[in-house]
Amino acid sequence: METNMPDPKFSKPWHGVPREQIQWNPTVIEDVCIGCGTCVTGCNRLVYRFDYTRKKPVVADPLNCMVGCTTCANTCPTHAIHFPPLSTVFAMEARAEVRHVIEDDLIARREQLAWHDEIPHPDRLVELAVENIERPNPSTLLVRLAPKVKGECFCQFAPGQYVEVWVPDTPYLSRSYSIGNTPREDGSIDLQIRHVEGGRLSEWAFNRMKVGDHVHARGPLGTFTMRSPIDRPLLFIAGGTGFAPIEALIEQQLKLSPQRDMVLVWGVGDARDFYALDTLEDWSLADKNLRILLAAQRGLDTYTLPAGITTITNSVIDALHAPGLALAGRDAYVAGPPVMMPAVVAALAQEGIDHERIRVDSFGL
């Protein structure tokens, strides 16, 4: 009997994660399979062998399968091949140690991988000084950056856009952070930085950054900006520090269209992670057309929240299904971690919001 062994060149660790720890390989639904052999001959990694007697493919070397690849399933004429959900891969990509292995590989192989042509960018590279640092809870920093040189700023950015920031004096790649304010005359911008265990920029920011430090930032970038007609009611959804671009968009609308019908749903794991309660209270008192709903998995029973703000002990998804929200017909602006996006989009569809009216800003580490 033939014994197949994983090919070492295919089964090596995936961005530092041992391949045998990753549950990623195809499964053949034999009752649906017609035995055409497309998957067997199309896979150059020899994941499959072909049973010529039964005319069926066999997953012989699952560890040879490239993590994230679904080519065989995409080309199967009867959809007889299934893979684990891509969320399996996304969850690994969100781990700081995986991101660091990818970053280190890009740095080490720069001469080989660099593209040397240039695309003109409408954005700018600016040197900014750390003007103020606040730590409203253990997992969040609120940082204000101001231009080192007067006039050298992102003065023309649109609320909802982001900048790329570099860790000073390191070879690391830039990290992206949404700007949490509308444009100011002095050119300063606010960033909301969440703590990531082992995260290179967040570890520097939480442990070594101080007022007066200088950082380089490039921007403005991104298309997560207000695109709705002036008479369209709005829904804003934030997960964690995804509140940053949402805050900028709401601030913009409160200045330009104070009578606009708006709903904000902000979800966190612990109620202590609601780091902008003063802002929410000001909004609640100043504008009766803005309804605010806060969702937390825990901690609401022991945490004092501003009057006039609705709370729910559960997830953002549950909050979207809360009675009386009347979400149908709104344009939705959603910002938060990638893991929350599929469920949020599905929930919005259930509430009667068309897909083309949903705009998403998803961040990683």
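Taking 0.36 nm per intervening residue step and subtracting the Cα-Cα distance, what contour gain separates Ile107 from Arg232 on full extension?
Full extension from Ile107 to Arg232 adds 40.4 nm.
Express in whole angstrom the spacing between the alpha-carbon centres of region 35-56 and region 285-324.
Going from one Cα centre to the other spans 54 Å.
Rounded to the nearest 0.05, what FRET efficiency do Gln350 and His82 have when you use their Cβ-Cβ distance and R0 = 25 Å?
Values: r = 25 Å, r/R0 = 1.00.
My answer for the efficiency is 0.50.
Would you kindly derive the ³J(HN,Hα) couplings of region 43-54 from the backbone phi angles with the Karplus curve 6.51 cos²θ - 1.76 cosθ + 1.60 (θ = phi - 60°), listing them in order in whole Hz, with x for Gly and Pro?
Running phi through 6.51 cos²θ - 1.76 cosθ + 1.60 with θ = phi - 60° gives 9, 7, 9, 6, 5, 9, 10, 10, 7, 5, 6, 8 Hz.
Would you mind counting up the charge near Ile34? Only other residues with Cβ under 14 Å from its Cβ, with Lys and Arg at +1 and Asp and Glu at -1.
Summing Lys and Arg as +1 and Asp and Glu as -1 gives 0.
Packing-wise, with mean Cβ within 10 Å as the measure, how do 179-191, 74-86 rank, highest first?
Final packing ranking: 179-191, 74-86.
What number, in percent, do you get for the relative contact order of region 228-333 if the mean sequence gap of Cα pairs under 8 Å and at least 6 apart is divided by its residue count?
Result for region 228-333 is 32 percent.
Residue by residue through region 129-136, what is 3J(HN,Hα) from phi via Karplus (6.51 cos²θ - 1.76 cosθ + 1.60, θ = phi - 60°)? Round to whole Hz and write x for glycine and proline.
The phi angles translate into 9, 6, 9, 7, 10, 10, 10, x Hz.
Please turn the phi angles of region 292-302 into ³J(HN,Hα) values with the Karplus equation 6.51 cos²θ - 1.76 cosθ + 1.60 (θ = phi - 60°), one per residue in order, whole Hz, x for glycine and proline.
Here the 3J(HN,Hα) series is 10, 10, 9, 10, 9, 6, 7, x, 5, 6, 10 Hz.
Calculated FRET efficiency, Glu134 and Leu256, Cβ-Cβ r, R0 30 Å, to nearest 0.05? Show your work: numbers first, answer last.
Numbers: r = 27 Å, r/R0 = 0.90.
Computed FRET efficiency for Glu134 and Leu256: 0.65.
Hey, what did region 19-93 get for relative contact order, percent, Cα under 8 Å, at least 6 apart?
39 percent
Let me spell out the model: positive unit charges on the Cβ of Lys and Arg, negative unit charges on the Cβ of Asp and Glu, origin at the Cα centre of the chain. What dipole size does that give, in debye rounded to 20?
For the chain, the charge dipole is close to 460 debye.
Net charge near His15: determine it from the other residues with C-beta under 15 Å of the C-beta of His15, scoring Lys and Arg +1 and Asp and Glu -1.
Working: positive: Lys12, Arg19, Arg95, Arg99, Arg109; negative: Glu20, Glu93, Glu97, Glu103, Asp104, Asp105.
With Lys, Arg at +1 and Asp, Glu at -1, the neighbours total -1.
If I stretch the segment between Tyr52 and Ala91 completely, what's the gain in nm (0.36 nm per residue apart, minus their alpha carbon distance), one decimal? Don't skip to the answer; put the middle values down first.
On the way: separation 39, 0.36 × 39 = 14.04 nm, distance 3.79 nm.
Separation in residues times 0.36 nm, less the Cα-Cα distance, equals 10.3 nm.
Amide H neighbours of Gly329 under 5 Å, counting only residues 5+ apart in sequence or on other chains, H built in-plane at 1.01 Å?
Distant-sequence amide H within range of Gly329: Asp354.
Using modelled backbone amide H atoms (1.01 Å from N, in-plane), which distant-in-sequence or interchain residues come within less than 5 Å of Asp51's amide H?
Amide H neighbours of Asp51, under 5 Å, 5+ apart: Lys56, Val58.
Sort Asp31, Asp104, Asp273 so that the residue with the fewest other Cβ atoms within 10 Å of its own Cβ comes first and the one with the most comes last.
Ranked by crowding around the Cβ, least crowded first: Asp31, Asp104, Asp273.
Going by amide H atoms built from the backbone, whose H comes under 5 Å of the H on Trp14, apart from near neighbours?
Excluding prolines and chain starts, which carry no amide H, the hits are Arg19.
Evaluate the distance, in nm, between pseudo-label points positioned 7 Å from the Cα of Ala307 and of Val32 along their respective Cα→Cβ axes.
Placing both labels 7 Å beyond Cα along the Cβ direction yields 5.7 nm.
Starting from the Cα-Cα distance between His214 and His321, subtract it from 0.36 nm times their residue separation and give me the gain in nm to one decimal.
Extending this stretch completely gives an extra 34.1 nm.
Helix-only mean residue ellipticity at 222 nm, the chain, DSSP H runs n ≥ 4 weighted -39,500 (n - 2.57), per residue, nearest 500. What is it?
Details: 10 runs with 81 residues, N = 365.
Helix-only estimate at 222 nm: -6000 deg cm²/dmol.
Every read-out reported here was derived from the displayed coordinates using simple, explicitly stated rules and does not represent laboratory data. The structure displayed is predicted, hence computed values, not measured ones. Positions of Cβ are backbone-derived with ideal geometry, glycine not excepted, and every protein chain shown enters the neighbour counts.
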